[in-house]
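Participant: Take this structure, written in structure tokens, and hold onto it; I'll ask about it next.
The values are calculated or read from the model by the stated rules, or taken from the named source; none is laboratory data. From a predicted model like this one, the values you see are computed outputs, not experimental measurements. Cβ coordinates were reconstructed from backbone atoms using ideal geometry, including for glycine residues, and neighbour counts include every protein chain displayed. Protein only, heavy atoms only, side chains kept; ligands, DNA and RNA dropped before computing areas. Shrake-Rupley method; radii C 1.70, N 1.55, O 1.52, S 1.80 Å.
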Amino acid sequence: VLLLALFCTQSLGQMSNLMLSVKEGLPAKTIVGDLGAVLSTPSTGFFISESRDSYVFRDLEIDADTGIISTVVVLDRESRDKYEFVAATLTGEMIRVRIEVEDVNDYSPVFPSKEVELEISELSPPGSRFQLEGATDLDEGEFSTQGYSIKESEMGELFHLDFRMGSEKLHSLDLVLNSKVDREAHDFFTLTIEAFDGGIPARTGTVQVNIRILDENDNPPVFNQSEYHTTVREDAPIGSIVSQVLASDSDLGDNSRITYEINRRQSDPNHIFSINETTGFIYLSKPLDFETHPFHELIVTARDDGAQPEYSSTFVGVKVLNINDNSPTISVLFLSETGEADVSEEAAVGDYVARISVSDPDLEEHRITVSLEGGDGKFTLKQTDDFLYALCVNSELDREERDLYELRVQASDLGTPPLSSEMLLLLKVSDANDCHPVFEQDVYTVSIAEDVPLGSSLIQIPARDDDEGINSEIRYSILKSQQDGLFSIDPNSGLVTTAAVLDRETQMEVWFLVLAEDGGEPSLSSTATVTVLVEDVNDNEPVFQQQLYNVSIPEHLDIGSCFLQVRQRNFRI
């Protein structure tokens, strides 16, 4: 209770700081310092803020009467580098104590392993660096790792070490090559690297580095010929052997194992040929065509299997032998305005319908026969040059009779064996405006009541035109009428309707001409006569001829005597 009271009065008493230090590794009972060193007046007793089972009382002994601090065990900075606690005197003075454990050189640099295997290419240039794992030292400051050396002095001609200290003890250790190595002279080296710290005497650690010099590929493959030439028939089957290339390499192992390939960037981009990468046999992969490629140039590369492969190239020329494997080619150019396969029915005999050209890439001379089938004699072929023909009209055409002809043009070469080809032409006969519109009747008679309302349908008189397209489009009109304005006609359908009131009492019969005109240029037309009989309806009351009649009658006139006759006006009934 008294100790608690003393510490609770801390804010009222004086606070002093005591900074002490002790080296690690000293024997137990080493005196560290005196709590009373910072007091203005001597004290006869001290209280410590730490409990008896804390790390302070585990490693240190503090005399409560004298204030002398000493070690209980051998201190290890790497385990604990400082101790802190608060002490109080019986008079209420407070002392904040901090004890620093000073480092001593009690650890040696240690490499991660005792031996390191390192492989270096014999082609590595001077200055090449090979990273190694550095040694670690648990000490700090000057007692940590300070540098490295190669113990074998004779190795200094070939190697040296480059060491850089980074932050947080991170070391960068490189083995640097001073001069080129030659595997054929020395294929293996052993050297010892020593790490040392800054202690006096310095502590050291070593690692053995076993260096294996790797053989490198310093000899390229060599072909047994600078160029290869061969021939192959253009009908050779796929998979046929075309040629073989052969190269050798004076290196050993993988460095002498050769792989062949065709350089596609410089030759054979379409993969016409393939090569066995081991044997060097060149095969046919796709069909040959003398007409498009009579000669093929291949760039074949030989590559060894070294880590850094060496290459050599050679030229392979393949000549393709021609055979008759192409049928004649037929090309047709129609001479119509649209370029389509059609001919006007107005075409005269001898007019050109199309130009036909034939060719055969197999033959140096154009020895081709051409014939025409079909068309019922309406068309014929006329040769205009060695390989040009004209398709001509041979007799008059009538589209209304036949509007499509199926023609076959056949071309045959004189090769061995002979080959032929055929082209089917569907030739359309285009329309010309050579047909007049035709009514079903020349004269139409129709009856209609005189009281029909305006716009009533009277009759529809369609016409037919055997032409097609615009040439068959018919428009109707009333060309001539006995009395204008009574009737109208729809220009598209030919439907005749009333346009005025009809009156049989004034006109019992009306006739007019209907004109049907097609859309050709120039247009053709026909007419038909329409007679309209107006039927009577009871639409008039009786009317006397006079409104007033005066008559004198003699007296004594006999009964039944006629003394007056009245009449209605004369209407035709």
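Participant: Please work out which residue is modelled with the lowest pLDDT, limiting yourself to the stretch 91-101 and to residues that are outside any loop (DSSP other than H, G, I, E, B) and open to solvent by less than 30 Å² (accessible area, probe 1.4 Å).
Facilitator: The residue in question is Val101.
Participant: Looking only at the stretch 521-573, count every residue that is of a type in the set (D, E, K, R), touching a residue at least 40 places away in the same chain (Cβ under 8 Å) and exposed (fewer than 10 other Cβ atoms within 10 Å of the Cβ) and tell me the total.
Facilitator: If we filter the stretch 521-573 for residues that are of a type in the set (D, E, K, R), which is where we start, we get 521, 535-536, 539, 541, 555, 558, 567, 569, 572.
Of the ones still in play, those that are also touching a residue at least 40 places away in the same chain (Cβ under 8 Å) are 521, 535-536, 539, 572.
When the remaining residues are screened for being exposed (fewer than 10 other Cβ atoms within 10 Å of the Cβ), the result is 521, 572.
Going through the stretch 521-573 one residue at a time, the tally reaches 2.
Participant: Being surrounded by 14 or more Cβ atoms within 10 Å (Cβ to Cβ), in a loop (DSSP other than H, G, I, E, B) and not aromatic (Phe, Trp, Tyr) is true for just one of Arg504, Arg475. Which residue is that?
Facilitator: Unique residue meeting the criteria: Arg504.
Participant: Taking strands (runs of 3 or more DSSP E) that fall entirely within the stretch 102-220, which contain at least 3 residues that are charged (D, E, K, R)?
Facilitator: Result: 115-121.
Participant: Same structure, new question: Can you report the number of residues in the stretch 265-304 which are open to solvent by less than 70 Å² (accessible area, probe 1.4 Å), of a type outside the set (A, V, I, L, M, F, W, C) and more than 20 Å from Lys319 (Cβ to Cβ)?
Facilitator: So the count comes out to 5.
Participant: Right, something else. Take the residues of the stretch 194-245 that are among the charged types (D, E, K, R) and closer than 30 Å to Val104 by Cα: which is surrounded by the most Cβ atoms within 10 Å (Cβ to Cβ)?
Facilitator: Ranking the qualifying residues of the stretch 194-245, first place goes to Asp197.
Participant: Taking the stretch 195-229 on its own, how many of its residues are over 53 Å from the mean Cα position of the chain (by Cα) and among the β-branched types (Val, Ile, Thr)?
Facilitator: Total meeting the criteria: 5.
Participant: Something else: Please work out if Arg408 is closer than 26 Å to Ala528 by Cα and open to solvent by 80 Å² or more (accessible area, probe 1.4 Å).
Facilitator: The answer is no for Arg408.
Here's the yes/no breakdown for (1) within 60 Å of the chain's Cα centre (by Cα); (2) touching a residue at least 40 places away in the same chain (Cβ under 8 Å); (3) more than 14 Å from Val534 (Cα to Cα):
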| site | (1), (2), (3) |
| --- | --- |
| Asn471 | yes, yes, yes |
| Ile474 | yes, yes, yes |
| Val496 | no, no, yes |
| Leu502 | no, yes, no |
| Thr506 | no, no, no |
| Leu515 | no, no, yes |
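Participant: Okay, next question. Inspect all residues belonging to the stretch 538-545 and state whether any of them is among the hydrophobic types (A, V, I, L, M, F, W, C) and closer than 27 Å to His436 by Cβ.
Facilitator: no
Participant: For the stretch 440-472, name all the residues that are within 30 Å of Asp539 (Cβ to Cβ) and assigned to a loop (DSSP other than H, G, I, E, B). Even if it seems obvious, please write down each step before you answer.
Facilitator: Here is the first cut: in the stretch 440-472, the ones within 30 Å of Asp539 (Cβ to Cβ) are 443-461.
Within the stretch 440-472, Glu450, Asp451, Val452, Pro453, Leu454, Gly455, Ser456, Ile461 meet the criteria.
For every residue, the table says whether it meets (1) under 38 Å from the mean Cα position of the chain (by Cα); (2) under 16 Å from Arg303 (Cα atoms).
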| residue | (1), (2) |
| --- | --- |
| Thr231 | no, no |
| Ala236 | yes, no |
| Val242 | yes, no |
| Leu246 | no, yes |
| Asp249 | no, yes |
| Gly253 | no, yes |
| Ile258 | yes, yes |
| Ile262 | yes, yes |
| Ile275 | yes, yes |
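Participant: Also, quick follow-up: If you go through the stretch 478-500, how many residues are in a strand (DSSP E or B), closer than 22 Å to Asp518 by Cα and either among the hydroxyl-bearing types (Ser, Thr, Tyr) or open to solvent by 70 Å² or more (accessible area, probe 1.4 Å) (or both)?
Facilitator: 5
Participant: Here's something else I'd like to know. Considering the stretch 146-163 alone, what residues qualify as being under 30 Å from Asp76 (Cβ atoms) and modelled with pLDDT of 85 or more?
Facilitator: Hits for the stretch 146-163 are Gly147, Tyr148, Ser149, Phe163.
Participant: For the stretch 352-367, give me each residue that is more than 42 Å from the chain's Cα centre (by Cα), surrounded by fewer than 16 Cβ atoms within 10 Å (Cβ to Cβ) and assigned to a loop (DSSP other than H, G, I, E, B).
Facilitator: Answer for the stretch 352-367, where residues must be more than 42 Å from the chain's Cα centre (by Cα), surrounded by fewer than 16 Cβ atoms within 10 Å (Cβ to Cβ) and assigned to a loop (DSSP other than H, G, I, E, B): Glu364, Glu365, His366, Arg367.
Participant: Under the condition of being open to solvent by less than 30 Å² (accessible area, probe 1.4 Å) and at pLDDT below 90, which residue from the stretch 434-464 is nearest to Ser327 (Cα to Cα)?
Facilitator: Here is the first cut: in the stretch 434-464, the residues open to solvent by less than 30 Å² (accessible area, probe 1.4 Å) are 435, 437, 439, 444, 446, 448-450, 456, 458, 461, 463.
Those left that are additionally at pLDDT below 90: 435, 450.
Numbers: Cys435: 45, Glu450: 80 Å.
Applying the filter and picking the extreme gives Cys435.
Participant: Look through Ser285, Ser331, Ser327 and report the one residue that is at pLDDT 95 or above and within 40 Å of the chain's Cα centre (by Cα).
Facilitator: Only one candidate passes the filter, namely Ser285.
Participant: Anything in the stretch 31-87 that is among the polar types (S, T, N, Q), in contact with a Ser or Thr (Cβ under 8 Å, 6 or more places away or on another chain), more than 30 Å from Asp106 (Cα to Cα) and surrounded by 13 or more Cβ atoms within 10 Å (Cβ to Cβ)? List them, or say none. Working first, answer last.
Facilitator: The first filter runs over the stretch 31-87 and keeps only residues among the polar types (S, T, N, Q), leaving 40-41, 43-44, 49, 51, 54, 66, 70-71, 79.
Filter again for in contact with a Ser or Thr (Cβ under 8 Å, 6 or more places away or on another chain), leaving 41, 43, 70-71.
If we keep only those that are more than 30 Å from Asp106 (Cα to Cα) as well, we get 41, 43.
Passing the criteria: only Ser43.
Participant: Follow-up question, since we're still on this one. What about Ser108, is it open to solvent by less than 60 Å² (accessible area, probe 1.4 Å), at pLDDT 85 or above and at negative phi?
Facilitator: Answer is no for this residue.
Participant: Next question, about the same structure. Identify, please: which residue in the stretch 121-164 is of a type in the set (Ser, Thr, Tyr) and under 18 Å from Gly198 (Cα atoms) and is, among those, surrounded by the most Cβ atoms within 10 Å (Cβ to Cβ)? Break it down stepwise before answering.
Facilitator: Kept after step one, since they are of a type in the set (Ser, Thr, Tyr), are these residues of the stretch 121-164: 121, 124, 128, 136, 144-145, 148-149, 153.
Now restrict to residues that are under 18 Å from Gly198 (Cα atoms): 136, 144-145, 148-149.
Details: Thr136: 16, Ser144: 21, Thr145: 26, Tyr148: 23, Ser149: 16.
Looking at the filtered set, the residue picked out is Thr145.
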